[in-house]
1. Let me have the relative contact order for region 35-165, percent, based on Cα pairs under 8 Å that are six or more residues apart.
2. Under a 5 Å amide H to amide H cut-off, with H placed in plane at 1.01 Å, what residues pair with Leu147 once short-range neighbours are removed?
3. Which whole-Hz ³J(HN,Hα) couplings does region 169-182 yield from phi under the Karplus relation 6.51 cos²θ - 1.76 cosθ + 1.60, θ = phi - 60°, glycine and proline marked x?
4. I need the shape label for region 23-73. Rule: rounded when a/c is under 1.5, else prolate if a/b > b/c, else oblate, with a, b, c from the alpha carbon gyration tensor.
5. How much solvent-accessible surface does Thr33 expose, in Å² to the nearest 10, with a 1.4 Å probe and all protein chains in place?
6. Given the pairs Lys180/Lys232; Lys155/Lys232; Lys106/Lys153, which span a C-alpha to C-alpha distance of over 24 angstrom in this model?
7. What is the spin-label model distance, in nm, from Glu154 to Ser27 if the labels are put 7 Å beyond Cα along the C-beta direction?
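The values are calculated or read from the model by the stated rules, or taken from the named source; none is laboratory data. Nothing here was measured: the structure is a model prediction, and the numbers come from that model. Note that we place each Cβ from the backbone using ideal geometry, even for glycine, and neighbour counts take in every protein chain shown. In case anyone asks, the SASA skips ligands and DNA or RNA and just uses the protein heavy atoms, side chains included. Shrake-Rupley method; radii C 1.70, N 1.55, O 1.52, S 1.80 Å.
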Amino acid sequence: MNKDYCLSGTKIVMRRLFKYDMEEIISCYHDYTALYHNPVNQNFLENVFHCGEIWGAFFKSDLIGCCYYFPFKSSFYKTTASYSAISDFLDNTGKFYYMGYVGFKKHPFNEKNGDDIYGGIYQAFLNIAQMQAFRRDYKYILHTVPLKISDHKEKIFSCGYSLIKLRGLENLVVHYIFAKAVFNEENIYEIHSSIPVERIPADDTKKVSALLENGYHCIDYSKEENCFCIQKSVTDQKTFFHCVK
């Protein structure tokens, strides 16, 4: 399946990738090698192909970005420290579809619209997560982003995600953990206009993390001010999932 996107006058084609694309996929995740842990290697990708799927973004005939997706409760992922760290605060993990890292190759786009193009591609990957979770009848989407590689937070929030935790996953690499309900009627991360919003600098990671661990979630991000908008959650996740099982 191919999907065309016109981003800032640049035609980007999104399509599923396959095992013969392995080397090209790995090359998209070069920036992640700077972290203490980068899960994207051949063995990991083979497991993803077995349990889920990988999509790529093409400019002309060149692969310039990709993202992998699979059921959060996939057998290979359940053996990882990341799964343990996330499932610790979630109940009924079988309802979640997982969107992994978005990786980009550096491409010589016009400096004027390069950021817009990459932001648009990121949004296209988020749209694919929504589409595939819906098709597979999952109720929620999880998306993890390393703190040090998080240039598209605004796009994530604009697509309806909430930041629910800030935690160390594999090798304690700190990640933003985002979540979104696929169906509005089952949204436990919804925004409530009657509840006060606190603005917290994004650099104050200790305070952000502490609030997220104590019943708050982030509902928006301002790039200009580099701050999160944090609101008290009115839904206890474990109680909610117990009621909807």
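1. 22
2. For Leu147, the qualifying residues are Val174, His175, Tyr176.
3. Values, residue by residue: 10, 4, 6, 6, 5, 6, 10, 7, 10, 9, 9, 8, 7, 6 Hz.
4. oblate
5. For Thr33, solvent-accessible area is about 90 Å².
6. Among Lys180/Lys232; Lys155/Lys232; Lys106/Lys153, the Cα-Cα distance tops 24 Å for no pair.
7. My value for the distance between the label points is 3.1 nm.
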